[in-house]
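*Asks:* Quick one: structure below, then a few questions.
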Amino acid sequence: MIKSSLILLTIMLLFSCKSNQKKNEILTNDNSIKTVAVNKDYFISENIIGEIKEEKIKLKGVETLCYVITTNSQATEHQMGPWCPRHIDEGKEKAGIWFSEGKVYDVSGHFIANLDEFYKDEKWKLFREDGSIKVTESLEECLGAAKPNVEEAYHNYCVECLPDYFKNQTTTYTIPINPMYQENSQRFGRGGIGLAFNGVKFDPPAPTHAILAAHTIAPLDDHGGHVNPHGGYHYHAVTGSTKEIEQSDVHAPIIGYAIDGFGIYALADKDNHMPSYLDDCGGHSDDIRGYHYHAGAPGGNQIIKCLHGIPGEIKIQE
Ligand SMILES: [Zn+2]
Ligand SMILES: [Zn+2]
(Lines give C-alpha, C1' and ligand atoms only; values in the text may rest on other atoms or scores of the structure.)
(Ligands and ions follow the chains in the order given, each with its own letter.)
Protein backbone atom coordinates (compact mmCIF):
# COMPACT_ATOMS: atom_id res chain seq x y z
CA MET A 1 0.00 0.00 0.00
CA ILE A 2 2.73 2.44 1.04
CA LYS A 3 4.79 1.44 -1.97
CA SER A 4 2.00 2.04 -4.45
CA SER A 5 1.23 5.43 -2.89
CA LEU A 6 4.86 6.37 -3.29
CA ILE A 7 4.83 5.42 -6.94
CA LEU A 8 1.67 7.41 -7.47
CA LEU A 9 3.22 10.41 -5.73
CA THR A 10 6.30 10.16 -7.93
CA ILE A 11 4.17 10.05 -11.05
CA MET A 12 2.17 13.06 -9.85
CA LEU A 13 5.35 14.99 -9.16
CA LEU A 14 6.78 14.17 -12.57
CA PHE A 15 3.54 15.21 -14.14
CA SER A 16 3.36 18.50 -12.28
CA CYS A 17 6.96 19.35 -13.22
CA LYS A 18 6.18 18.73 -16.84
CA SER A 19 3.01 20.81 -16.85
CA ASN A 20 4.96 23.73 -15.42
CA GLN A 21 6.94 24.22 -18.58
CA LYS A 22 4.53 26.61 -20.24
CA LYS A 23 5.89 29.41 -22.36
CA ASN A 24 5.00 32.22 -19.94
CA GLU A 25 6.84 30.64 -17.08
CA ILE A 26 10.50 30.61 -16.25
CA LEU A 27 12.39 29.10 -13.38
CA THR A 28 14.89 31.03 -11.30
CA ASN A 29 18.54 30.01 -11.28
CA ASP A 30 18.26 27.79 -8.26
CA ASN A 31 15.10 26.19 -9.64
CA SER A 32 13.44 26.50 -6.25
CA ILE A 33 11.13 29.48 -6.72
CA LYS A 34 9.00 29.50 -9.83
CA THR A 35 8.08 32.84 -11.37
CA VAL A 36 5.30 33.70 -13.80
CA ALA A 37 5.46 36.51 -16.37
CA VAL A 38 3.29 39.64 -16.11
CA ASN A 39 0.11 39.36 -18.19
CA LYS A 40 -0.49 42.82 -19.67
CA ASP A 41 -3.94 41.84 -20.95
CA TYR A 42 -5.22 41.99 -17.36
CA PHE A 43 -5.00 45.81 -17.38
CA ILE A 44 -8.11 47.80 -18.35
CA SER A 45 -6.98 49.41 -21.61
CA GLU A 46 -9.15 52.54 -21.26
CA ASN A 47 -7.26 53.37 -18.03
CA ILE A 48 -3.84 53.19 -19.71
CA ILE A 49 -2.46 56.22 -21.56
CA GLY A 50 -1.37 55.01 -25.01
CA GLU A 51 -0.23 51.41 -25.30
CA ILE A 52 1.68 49.30 -22.82
CA LYS A 53 5.20 49.40 -24.29
CA GLU A 54 8.12 46.98 -23.99
CA GLU A 55 11.51 48.45 -23.18
CA LYS A 56 14.89 47.11 -22.12
CA ILE A 57 15.94 48.89 -18.95
CA LYS A 58 18.95 48.40 -16.68
CA LEU A 59 17.81 47.10 -13.30
CA LYS A 60 20.65 46.43 -10.85
CA GLY A 61 23.06 46.68 -13.76
CA VAL A 62 21.27 44.04 -15.83
CA GLU A 63 19.41 44.80 -19.08
CA THR A 64 15.86 43.69 -18.30
CA LEU A 65 12.84 43.55 -20.57
CA CYS A 66 10.08 45.59 -18.93
CA TYR A 67 6.55 46.73 -19.55
CA VAL A 68 6.15 50.51 -19.43
CA ILE A 69 2.64 51.47 -18.30
CA THR A 70 1.47 55.10 -17.98
CA THR A 71 -1.78 56.03 -16.24
CA ASN A 72 -3.68 58.97 -14.69
CA SER A 73 -4.39 56.90 -11.58
CA GLN A 74 -8.18 57.36 -11.88
CA ALA A 75 -10.53 54.49 -11.08
CA THR A 76 -13.31 53.83 -13.59
CA GLU A 77 -14.95 50.62 -12.34
CA HIS A 78 -16.01 52.27 -9.09
CA GLN A 79 -16.79 55.79 -7.89
CA MET A 80 -13.93 57.65 -6.14
CA GLY A 81 -15.01 59.01 -2.75
CA PRO A 82 -16.79 60.10 -0.66
CA TRP A 83 -14.21 60.73 2.10
CA CYS A 84 -15.18 63.28 4.79
CA PRO A 85 -18.71 63.81 6.10
CA ARG A 86 -19.81 67.47 6.29
CA HIS A 87 -21.88 67.41 9.48
CA ILE A 88 -21.76 65.31 12.66
CA ASP A 89 -25.37 64.19 11.98
CA GLU A 90 -24.43 62.55 8.67
CA GLY A 91 -24.40 58.78 8.34
CA LYS A 92 -21.63 56.51 7.15
CA GLU A 93 -22.93 56.51 3.54
CA LYS A 94 -21.75 60.12 3.16
CA ALA A 95 -18.14 59.27 3.94
CA GLY A 96 -15.35 56.71 3.74
CA ILE A 97 -13.37 54.58 6.18
CA TRP A 98 -10.54 54.99 8.65
CA PHE A 99 -8.40 52.38 10.32
CA SER A 100 -6.72 51.93 13.65
CA GLU A 101 -4.79 48.98 15.06
CA GLY A 102 -5.88 46.60 12.34
CA LYS A 103 -9.56 47.56 12.39
CA VAL A 104 -11.66 49.45 9.85
CA TYR A 105 -14.14 52.10 10.99
CA ASP A 106 -16.86 53.93 9.06
CA VAL A 107 -16.19 57.66 9.16
CA SER A 108 -19.72 58.75 10.02
CA GLY A 109 -20.44 62.17 11.53
CA HIS A 110 -20.77 60.33 14.84
CA PHE A 111 -17.27 58.88 14.44
CA ILE A 112 -15.86 62.38 13.78
CA ALA A 113 -17.72 63.83 16.78
CA ASN A 114 -16.19 61.19 19.07
CA LEU A 115 -12.56 61.24 17.94
CA ASP A 116 -11.50 62.62 21.33
CA GLU A 117 -12.81 59.47 23.00
CA PHE A 118 -11.59 57.24 20.20
CA TYR A 119 -7.99 58.42 20.56
CA LYS A 120 -8.30 59.29 24.27
CA ASP A 121 -7.07 62.83 23.57
CA GLU A 122 -9.27 65.85 24.27
CA LYS A 123 -7.46 68.00 21.66
CA TRP A 124 -9.46 66.29 18.91
CA LYS A 125 -12.29 68.54 17.68
CA LEU A 126 -12.96 68.42 13.95
CA PHE A 127 -16.37 70.13 14.16
CA ARG A 128 -17.70 73.65 14.81
CA GLU A 129 -20.38 74.66 17.31
CA ASP A 130 -23.12 74.23 14.67
CA GLY A 131 -22.03 70.64 14.07
CA SER A 132 -20.44 71.30 10.69
CA ILE A 133 -17.18 69.45 10.13
CA LYS A 134 -13.94 71.21 9.16
CA VAL A 135 -13.01 69.75 5.78
CA THR A 136 -10.39 70.94 3.30
CA GLU A 137 -12.57 72.34 0.50
CA SER A 138 -10.12 73.55 -2.18
CA LEU A 139 -6.83 72.67 -3.87
CA GLU A 140 -5.05 75.26 -1.72
CA GLU A 141 -6.45 73.78 1.50
CA CYS A 142 -5.60 70.27 0.31
CA LEU A 143 -1.99 71.30 -0.37
CA GLY A 144 -1.73 72.86 3.11
CA ALA A 145 -3.09 69.80 4.88
CA ALA A 146 -2.03 66.74 2.86
CA LYS A 147 1.66 66.85 3.70
CA PRO A 148 3.90 65.58 6.50
CA ASN A 149 4.11 69.01 8.15
CA VAL A 150 0.45 69.88 8.23
CA GLU A 151 0.05 73.67 8.24
CA GLU A 152 -1.16 75.03 11.57
CA ALA A 153 -4.39 76.35 9.98
CA TYR A 154 -5.45 72.80 9.10
CA HIS A 155 -4.85 71.12 12.41
CA ASN A 156 -8.09 69.46 13.50
CA TYR A 157 -9.37 69.00 9.95
CA CYS A 158 -10.78 66.15 7.98
CA VAL A 159 -8.40 66.12 5.00
CA GLU A 160 -9.97 65.51 1.62
CA CYS A 161 -8.32 66.16 -1.73
CA LEU A 162 -10.29 65.55 -4.95
CA PRO A 163 -9.04 63.42 -7.86
CA ASP A 164 -9.83 66.33 -10.20
CA TYR A 165 -7.12 68.52 -8.61
CA PHE A 166 -4.41 66.21 -9.93
CA LYS A 167 -6.05 64.53 -12.89
CA ASN A 168 -3.38 65.72 -15.31
CA GLN A 169 -0.56 64.10 -13.38
CA THR A 170 0.71 60.87 -14.89
CA THR A 171 2.38 57.90 -13.26
CA THR A 172 4.67 55.64 -15.27
CA TYR A 173 5.42 52.12 -14.06
CA THR A 174 8.37 50.17 -15.44
CA ILE A 175 7.83 46.53 -14.48
CA PRO A 176 10.11 43.58 -15.30
CA ILE A 177 8.06 41.24 -17.51
CA ASN A 178 9.72 38.19 -15.97
CA PRO A 179 10.08 38.90 -12.25
CA MET A 180 13.36 37.96 -10.59
CA TYR A 181 13.06 36.49 -7.10
CA GLN A 182 15.65 37.47 -4.52
CA GLU A 183 16.28 35.71 -1.24
CA ASN A 184 16.61 39.04 0.57
CA SER A 185 13.57 41.25 0.63
CA GLN A 186 13.83 45.00 0.16
CA ARG A 187 11.80 48.05 1.04
CA PHE A 188 9.75 49.97 -1.49
CA GLY A 189 11.50 52.65 -3.46
CA ARG A 190 10.09 56.12 -3.88
CA GLY A 191 6.68 56.13 -5.45
CA GLY A 192 4.79 53.04 -4.43
CA ILE A 193 4.20 49.31 -4.31
CA GLY A 194 2.59 48.63 -7.69
CA LEU A 195 -0.77 49.06 -9.36
CA ALA A 196 -4.26 47.66 -9.76
CA PHE A 197 -5.59 46.63 -13.18
CA ASN A 198 -7.36 50.00 -13.43
CA GLY A 199 -3.99 51.76 -13.35
CA VAL A 200 -4.41 53.13 -9.81
CA LYS A 201 -1.34 53.01 -7.60
CA PHE A 202 -0.99 50.79 -4.53
CA ASP A 203 0.86 52.90 -1.97
CA PRO A 204 2.97 52.03 1.06
CA PRO A 205 1.27 52.60 4.43
CA ALA A 206 -0.34 56.01 4.91
CA PRO A 207 1.85 58.09 7.28
CA THR A 208 -0.66 57.90 10.11
CA HIS A 209 1.83 59.16 12.67
CA ALA A 210 2.16 62.55 10.93
CA ILE A 211 -1.55 62.67 10.12
CA LEU A 212 -2.69 61.99 13.68
CA ALA A 213 -0.02 64.21 15.26
CA ALA A 214 -1.77 67.20 13.64
CA HIS A 215 -5.16 65.94 14.81
CA THR A 216 -6.20 65.32 11.24
CA ILE A 217 -7.59 62.26 9.57
CA ALA A 218 -7.42 61.58 5.83
CA PRO A 219 -10.16 58.98 5.31
CA LEU A 220 -10.01 56.40 2.55
CA ASP A 221 -13.16 55.91 0.49
CA ASP A 222 -14.96 52.58 0.77
CA HIS A 223 -12.66 51.27 -1.97
CA GLY A 224 -9.50 51.91 0.08
CA GLY A 225 -8.35 55.00 -1.83
CA HIS A 226 -7.79 58.70 -1.31
CA VAL A 227 -5.93 61.50 -3.06
CA ASN A 228 -2.63 63.24 -2.40
CA PRO A 229 -0.72 65.85 -4.42
CA HIS A 230 1.85 63.27 -5.60
CA GLY A 231 0.13 61.16 -8.21
CA GLY A 232 -3.47 61.74 -7.20
CA TYR A 233 -5.81 58.88 -6.33
CA HIS A 234 -4.13 55.81 -4.77
CA TYR A 235 -5.00 52.82 -2.59
CA HIS A 236 -3.84 51.98 0.92
CA ALA A 237 -6.26 49.08 1.29
CA VAL A 238 -7.68 46.36 -0.93
CA THR A 239 -11.44 46.03 -0.46
CA GLY A 240 -12.51 44.01 -3.52
CA SER A 241 -13.71 47.03 -5.53
CA THR A 242 -11.31 46.78 -8.48
CA LYS A 243 -11.05 44.37 -11.41
CA GLU A 244 -10.14 40.85 -10.32
CA ILE A 245 -9.09 37.88 -12.43
CA GLU A 246 -10.62 34.65 -11.13
CA GLN A 247 -8.34 31.63 -10.82
CA SER A 248 -9.26 28.20 -12.20
CA ASP A 249 -8.73 26.67 -8.75
CA VAL A 250 -9.96 27.81 -5.32
CA HIS A 251 -7.13 30.37 -4.92
CA ALA A 252 -7.92 34.07 -4.42
CA PRO A 253 -8.16 36.25 -7.57
CA ILE A 254 -5.26 38.34 -8.85
CA ILE A 255 -5.90 42.09 -8.40
CA GLY A 256 -2.74 43.76 -9.71
CA TYR A 257 1.04 43.68 -9.91
CA ALA A 258 3.82 44.80 -7.62
CA ILE A 259 6.58 46.92 -9.14
CA ASP A 260 8.87 43.84 -9.15
CA GLY A 261 6.48 42.03 -11.53
CA PHE A 262 5.03 39.58 -9.01
CA GLY A 263 1.24 39.34 -8.89
CA ILE A 264 -0.76 40.72 -5.97
CA TYR A 265 -3.78 38.58 -5.06
CA ALA A 266 -6.75 39.16 -2.78
CA LEU A 267 -6.45 37.74 0.72
CA ALA A 268 -9.25 35.19 0.98
CA ASP A 269 -9.79 32.25 -1.38
CA LYS A 270 -13.17 31.14 -2.77
CA ASP A 271 -13.91 29.24 0.46
CA ASN A 272 -13.03 32.37 2.46
CA HIS A 273 -9.81 30.81 3.77
CA MET A 274 -6.70 32.92 4.36
CA PRO A 275 -3.28 31.73 3.19
CA SER A 276 -1.74 29.52 5.88
CA TYR A 277 1.80 30.88 5.40
CA LEU A 278 3.02 34.22 4.12
CA ASP A 279 6.63 35.42 4.24
CA ASP A 280 8.02 38.73 5.52
CA CYS A 281 6.60 40.62 2.51
CA GLY A 282 3.20 38.91 2.47
CA GLY A 283 4.12 36.44 -0.28
CA HIS A 284 4.34 32.71 -0.90
CA SER A 285 4.67 30.34 -3.81
CA ASP A 286 2.60 27.66 -5.47
CA ASP A 287 2.83 25.55 -8.64
CA ILE A 288 0.34 27.52 -10.69
CA ARG A 289 1.13 31.14 -9.80
CA GLY A 290 4.77 30.82 -8.77
CA TYR A 291 5.87 33.38 -6.21
CA HIS A 292 3.15 35.98 -5.52
CA TYR A 293 1.81 38.31 -2.83
CA HIS A 294 -1.48 38.46 -0.97
CA ALA A 295 -2.89 41.88 -0.04
CA GLY A 296 -3.24 42.44 3.71
CA ALA A 297 -6.57 42.98 5.46
CA PRO A 298 -7.98 46.53 4.88
CA GLY A 299 -7.46 47.67 8.48
CA GLY A 300 -3.74 46.94 8.41
CA ASN A 301 -2.68 50.04 6.42
CA GLN A 302 -0.37 47.72 4.48
CA ILE A 303 -1.14 46.09 1.13
CA ILE A 304 2.16 44.21 1.05
CA LYS A 305 5.10 44.71 3.39
CA CYS A 306 8.17 44.60 1.13
CA LEU A 307 9.44 43.26 -2.20
CA HIS A 308 11.08 39.91 -2.93
CA GLY A 309 11.82 40.71 -6.56
CA ILE A 310 14.13 43.21 -8.23
CA PRO A 311 11.92 46.30 -8.53
CA GLY A 312 11.33 48.34 -11.66
CA GLU A 313 10.57 52.03 -11.31
CA ILE A 314 7.63 54.35 -10.64
CA LYS A 315 7.87 57.89 -11.98
CA ILE A 316 5.30 60.59 -11.29
CA GLN A 317 4.94 63.58 -13.61
CA GLU A 318 3.34 66.35 -11.53
ZN1 LIG B 1 -2.30 58.13 0.88
ZN1 LIG C 1 -1.40 32.42 -2.85
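*Asks:* Quick check on this structure: which one of V104, V68 is in contact with a Lys or Arg (Cβ under 9 Å, 6 or more places away or on another chain) and part of a strand (DSSP E or B)?
*Replies:* On the way: V104 fails: in contact with a Lys or Arg (Cβ under 9 Å, 6 or more places away or on another chain).
Going through V104, V68 in turn, just one is in contact with a Lys or Arg (Cβ under 9 Å, 6 or more places away or on another chain) and part of a strand (DSSP E or B): V68.
*Asks:* Out of segment 152-181, which residues are surrounded by 24 or more Cβ atoms within 10 Å (Cβ to Cβ), in contact with a Cys (Cβ under 6 Å, 6 or more places away or on another chain) and part of a loop (DSSP other than H, G, I, E, B)?
*Replies:* Answer for segment 152-181, where residues must be surrounded by 24 or more Cβ atoms within 10 Å (Cβ to Cβ), in contact with a Cys (Cβ under 6 Å, 6 or more places away or on another chain) and part of a loop (DSSP other than H, G, I, E, B): just E160.
*Asks:* Just to verify a result, which residue in segment 58-83, among those that are of a type in the set (V, I, T) and surrounded by 16 or more Cβ atoms within 10 Å (Cβ to Cβ), is farthest from the chain's Cα centre (by Cα)? Let's see the steps before the verdict.
*Replies:* So in segment 58-83, the residues of a type in the set (V, I, T) come out as 62, 64, 68-71, 76.
From what is left, the residues that are surrounded by 16 or more Cβ atoms within 10 Å (Cβ to Cβ) are 64, 68-71.
Values: T64: 24, V68: 19, I69: 16, T70: 17, T71: 15 Å.
So, considering only residues that are of a type in the set (V, I, T) and surrounded by 16 or more Cβ atoms within 10 Å (Cβ to Cβ), the one farthest from the chain's Cα centre (by Cα) is T64.
*Asks:* Which residue out of G50, G61 is assigned by TED's automatic domain parsing to the domain that holds T242 and either at pLDDT 95 or above or of a type in the set (D, E) (or both)? Quick ask: steps written out before the conclusion?
*Replies:* On the way: G61 fails: either at pLDDT 95 or above or of a type in the set (D, E) (or both).
Result of the check over G50, G61: G50.
*Asks:* Residues that are assigned to a strand (DSSP E or B), near ligand 1 (Cβ under 9 Å from one of its atoms), in contact (Cβ under 8 Å) with a residue 24 or more places away in the chain and hydroxyl-bearing (S, T, Y): does segment 184-207 have at least one? Before the answer, list the steps.
*Replies:* Step one: filter segment 184-207 for residues assigned to a strand (DSSP E or B), giving 184-186, 194-196, 201-202.
Among the residues that remain, those that are also near ligand 1 (Cβ under 9 Å from one of its atoms) are: none.
No, there is no match, as no residue in segment 184-207 is assigned to a strand (DSSP E or B), near ligand 1 (Cβ under 9 Å from one of its atoms), in contact (Cβ under 8 Å) with a residue 24 or more places away in the chain and hydroxyl-bearing (S, T, Y).
*Asks:* Looking only at strands (runs of 3 or more DSSP E) that fall completely inside segment 216-300, which ones have 2 or more residues that are in the same structural domain as E152 (by TED's automatic domain parsing), away from ligand 1 (no atom under 16 Å from the Cβ) and over 30 Å from E137 (Cβ atoms)? Let's see the steps before the verdict.
*Replies:* On the way: elements: 225-228, 232-235, 254-258, 263-265, 283-286, 290-294.
Because the criterion is at least 2 residues that are in the same structural domain as E152 (by TED's automatic domain parsing), away from ligand 1 (no atom under 16 Å from the Cβ) and over 30 Å from E137 (Cβ atoms), no strands (runs of 3 or more DSSP E) in segment 216-300 meet it.
The values are calculated or read from the model by the stated rules, or taken from the named source; none is laboratory data. In this text the structure is predicted, and so the values were computed from the model without any measurement. Cβ: placed from backbone, ideal geometry, glycine included. Neighbour counts: every protein chain shown.
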